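Here the structure comes first, spelled out in structure tokens, and everything after it is commentary.
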Amino acid sequence: MGRDNQAKIRQLRRKEAKEAQRAVYARILIVTEGSKTEPLYLGEICAAYRLHSANVEVQPGQLGTAPMQVVLYAKQLFEHGDLNKGIRPKSFDQIYAVFDRDEHESYFNALSLAQSLDGNLRNHDRQPVSFKAIASVPSFELWLLLHYEDIQSPIPRDQVMERLKKHIPDYDKGAGGMFAIARDKLETAMLRAELLAGKFNAYTDPEPFTGMHELVNLLVTLRTC
């Protein structure tokens, strides 16, 4: 092992020792398909509720944007870590892979892989790790649109974007500030997403669905821990 890596490990150990008292709830890794929109949105939630990076780590996928690549990168990042990102191997209790249905060929295989990994990975405490796919049909923007409209039937991705822009004219991929803009309608979006989840799921394409309400609810709940 090179001196640079040894120095990084020592630095991480000092950081972890200092932050250990803050890590009073589950350590969560979130890997997203998008490199900007989803990480920005989730990062804004963490900032709004002062969730510490010792507990919640949000990273865009690095192997590609296909759902299978997102799941594989989440597994890789968990198992091997990334010292350059300050992430040690097997240092999480829960893993979430966030991706869209869109027209990805690997979508259903990614769902199956995530399900097969759930509870079958072990962290450095030798505890089973939860591994969940957070899918949206057709796209992440459906979650944002649910803040404003009650979607009950299949809707193409381009129509989701078109209708979302009627409510947020400046919205575009990679836009920041979305959590703050729609925050006052969060409870409405949560309820609508829960109702959709009561009828459909990630496998019932093309019916509208998003698991974002589960992930957002988890993050919001952590503020009280």
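Taken together, the values in this text are just the output of simple stated rules run on the coordinates, not laboratory data. For clarity, every value in this text was computed on a predicted model and none was experimentally measured. Cβ coordinates were reconstructed from backbone atoms using ideal geometry, including for glycine residues, and neighbour counts include every protein chain displayed.
Structure summary
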{"item": "Filtered trypsin sites (Lys or Arg not before Pro), region 166-197: DSSP coil and at most 15 other beta carbons within 10 Å", "result": "Lys173"}
{"item": "Mean residue ellipticity (222 nm) of the chain, computed from DSSP H runs ≥ 4 via -39,500 (n - 2.57), nearest 500", "result": "-13500 deg cm²/dmol"}
{"item": "Sum of side-chain charges, Glu103 neighbourhood, beta-carbon under 14 Å (Lys, Arg +1; Asp, Glu -1)", "result": "-4"}
{"item": "Positive dipole terminus of the chain, leading residue within Val137, Ala48, Ser35 (C-beta point charges)", "result": "Ala48"}
{"item": "Span from the region 63-131 Cα centroid across to the region 178-225 one, whole angstrom", "result": "21 Å"}
{"item": "With Cα atoms, 0 to 90° folded angle of helix 3-19 axis to the chain main axis", "result": "70 degrees"}
{"item": "Nearest-ten-degree value, helix 157-167 long axis tilted from longest Cα axis of the chain", "result": "80 degrees"}
{"item": "Rounded to the nearest 20 debye, dipole of region 141-210 from Cβ charges on Lys, Arg, Asp, Glu", "result": "60 debye"}
{"item": "Binned Cα-Cα distance frequencies in the chain - 10 Å width, integer %", "result": "8, 33, 36, 17, 5, 1"}
{"item": "Among Ser116, Ser53, Ser136, residue whose mean-square fluctuation peaks in a GNM of the chain (springs only between Cα atoms under 10 Å)", "result": "Ser116"}
{"item": "Cubic angstrom per residue, convex hull over Cα atoms of region 105-214", "result": "137 Å³"}
{"item": "Between helix 107-117 and the chain: long-axis angle, C-alpha atoms, 0 to 90°, nearest 10", "result": "40 degrees"}
{"item": "Across Lys75/Lys173; Lys75/Lys165; Lys85/Lys166, pairs whose alpha-carbon gap is larger than 31 Å", "result": "Lys75/Lys165; Lys85/Lys166"}
{"item": "For Ile134, residues with placed amide H under 5 Å, excluding near neighbours", "result": "Ala97, Val98, Phe99"}
